[in-house]
1. For K121 paired with V25, estimate the spin-label separation in nm (one decimal), with each label point 7 Å from Cα along the Cα-to-Cβ line.
2. In deg cm²/dmol, rounded to 500, what helix-only [θ] at 222 nm does the chain give when every DSSP H run of at least 4 residues adds -39500 (n - 2.57) and the total is split over its residues?
3. So how far apart, in nm, are the two label points at I12 and E34 if each is 7 Å from Cα heading toward Cβ?
4. What is the dipole size for the chain, taken about its Cα centre, with +1 at each Lys and Arg Cβ and -1 at each Asp and Glu Cβ, in debye to the nearest 20?
5. Return the loop-located trypsin sites (Lys or Arg not before Pro) in region 81-143 (DSSP other than H, G, I, E, B) with at most 10 other Cβ atoms within 10 Å of their own Cβ; answer none if there are none.
6. Enumerate the lysines that K74 could reach by cross-link, defined here as Cα to Cα under 29 Å, with residues fewer than 8 away along the same chain left out.
7. Between Rg and the Kirkwood Rh of the chain, both from Cα atoms, what is the Rg to Rh ratio?
8. Just grab the label-to-label distance for K86 and V109, each label 7 Å out from Cα along the Cβ direction, in nm (one decimal).
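What follows is calculated from the coordinates using simple rules that are stated; it is not laboratory data. In this text, all values refer to a predicted model and were calculated from it rather than measured experimentally. A quick note on method: Cβ atoms are made from the backbone with ideal geometry, for glycine too, and the neighbour counts reach across all protein chains shown.
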Amino acid sequence: MKKGIAPVVAWILILTLSVGIGAIVVTWYVKHAESITKEYVTETGSEIECGGINLNVGFNEEECKLIIVNTGKKKIHKLKVFISEKEVEFDEEILPREKKEFSFDLGGVSIKNVLVNPVIKINDKLYICKNERVYNPRGEMEC
């Protein structure tokens, strides 16, 4: 019995077309992901960018509020806060000599320490400043 070669050719064409479309989709996805990542990735600021950044950190333990005072000379764009190793981001600007309170709820997590990193914006580029401040509560605290 002789069978035609047409089904074999059809399968080869289908596989080739599938691989080609997959390669196009993967290439597009990688380029798209890179452009989005570049937009949101924050670089670590050097002394040049982060000079003049200073803040004081306090904590209202009864109301679970973080108290930040910008004692530096530059505006802080936002804050990256690590509360007992859990990352929380506050997207509020803090002007020089301004005091702000930030509320949060961690669902009853025990707080051992609070690490605050200021993030500044220069020419539409975000820089995380490593001159962080740490708050250590007096005793056991939950929020």
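1. So the label points at K121 and V25 sit 3.6 nm apart.
2. Result for the chain: -9500 deg cm²/dmol, rounded to the nearest 500.
3. 3.4
4. 740
5. R97, R138
6. K38, K65, K86, K99, K100, K121, K125, K130
7. Rounded to two decimals, Rg over Rh is 1.37.
8. Calculated label separation equals 0.4 nm.
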